[in-house]
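Trainee: Take this structure, written in structure tokens, and hold onto it; I'll ask about it next.
The values are calculated or read from the model by the stated rules, or taken from the named source; none is laboratory data. This structure is a prediction, so every number in the text was calculated from the model and none was measured. Methodologically, a virtual Cβ is constructed for each residue, glycine included, from the backbone with ideal geometry; neighbour enumeration extends over all protein chains shown. Accessible surface areas use protein heavy atoms only, side chains included; no ligands, DNA or RNA. Shrake-Rupley method; radii C 1.70, N 1.55, O 1.52, S 1.80 Å.
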Amino acid sequence: IHFFALDTDKREPDGYGPDSVMGRWCRSAVAASTAPWKIAYFHHPPFSSSGHGPTKHMQWPFREWGFDAVMAGHDHTYERVMHDGIPYFVNG
């Protein structure tokens, strides 16, 4: 398993979108990984029906890039959402 930690804070000085420094690193790192499972994890959930709701700036093309799952927190609930063919977990 290869875990990829991402910073979802909008104050990230190098940006937080898929075309930011972090986004470009993430895309190339997952492409170079030979692990059978690739999982992104970070604080703010891209999809959530709980109190804080979804974090649109983290709705990156994770499946297209090669990820198998996405894990996030922030909302103090447990949720599983299938989106674009991969599971997104919220467990705050």
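Trainee: Going by the alpha-carbon gyration tensor, a ≥ b ≥ c the square roots of its eigenvalues, is the stretch 1-43 rounded (a/c under 1.5) or, if a/c is not under 1.5, prolate (a/b greater than b/c) versus oblate? Intermediate results must be reported in sequence, preceding the final value.
Mentor: Details: a/c = 3.82, a/b = 1.75, b/c = 2.18.
Oblate shape, in that a/c is at least 1.5 and b/c is the bigger or equal ratio.
Trainee: Residue by residue through the stretch 50-59, what is 3J(HN,Hα) from phi via Karplus (6.51 cos²θ - 1.76 cosθ + 1.60, θ = phi - 60°)? Round to whole Hz and write x for glycine and proline.
Mentor: For the stretch 50-59, the Karplus curve yields 8, x, 7, x, x, 10, 4, 6, 10, 7 Hz.
Trainee: In a shell of Cβ-Cβ distance under 10 Å around residue 20, excluding residue 20 itself, what net charge do Lys and Arg (+1) and Asp and Glu (-1) give?
Mentor: Details: positive: 24; negative: 7, 12, 14, 19.
In short, -3.
Trainee: Tally up the carbon and sulfur contribution to the accessible surface of the chain as a whole percent, 1.4 Å probe, everything protein left in place. Numbers along the way, then the final one.
Mentor: Details: 2860 of 5310 Å².
Solvent-exposed carbon and sulfur of the chain make up 54 percent of the total.
Trainee: I'd like the accessible area for residue 43: 1.4 Å probe, protein heavy atoms, all chains in place, Å² to the nearest 10.
Mentor: The value for residue 43 is about 100 Å².
Trainee: If you take the square roots of the eigenvalues of the alpha-carbon gyration tensor of the stretch 44-92 and sort them as a ≥ b ≥ c, do you get rounded (a/c under 1.5), prolate (a/b over b/c) or oblate? Walk me through the intermediate numbers first.
Mentor: Values: a/c = 2.24, a/b = 1.66, b/c = 1.35.
Judged from the Cα gyration tensor, the stretch 44-92 comes out prolate (a/c at least 1.5, a/b above b/c).
Trainee: Using a probe radius of 1.4 Å on heavy atoms only, what accessible surface per residue do you get for the chain? Whole Å² is fine. Walk me through the intermediate numbers first.
Mentor: Numbers: 5310 Å² over 92 residues.
So the chain comes to 58 Å² accessible per residue, rounded to a whole number.
Trainee: Sticking with this structure for a sec: Thinking of the chain as a set of Cα atoms, what percent of all their pairs are more than 16 Å apart? Don't skip to the answer; put the middle values down first.
Mentor: Values: 2096 of 4186 pairs.
Within the chain, distances greater than 16 Å cover 50 percent of Cα pairs.
Trainee: Still on this structure, please answer the following. If you take every residue apart from residue 69 with its C-beta less than 12 Å away from the C-beta of residue 69, what net charge results, scoring Lys and Arg +1 and Asp and Glu -1? Don't skip to the end; give the middle numbers.
Mentor: Details: positive: 38, 63, 80; negative: 68, 84.
That sum, taken over residues with Cβ under 12 Å, equals +1.
Trainee: What does the helix-only formula give at 222 nm for the chain: each DSSP H stretch with n ≥ 4 adding -39500 (n - 2.57), the total divided by the residues, and the result rounded to the nearest 500 deg cm²/dmol?
Mentor: Working: 2 runs with 16 residues, N = 92.
Mean residue ellipticity at 222 nm (helix-derived): -4500 deg cm²/dmol.
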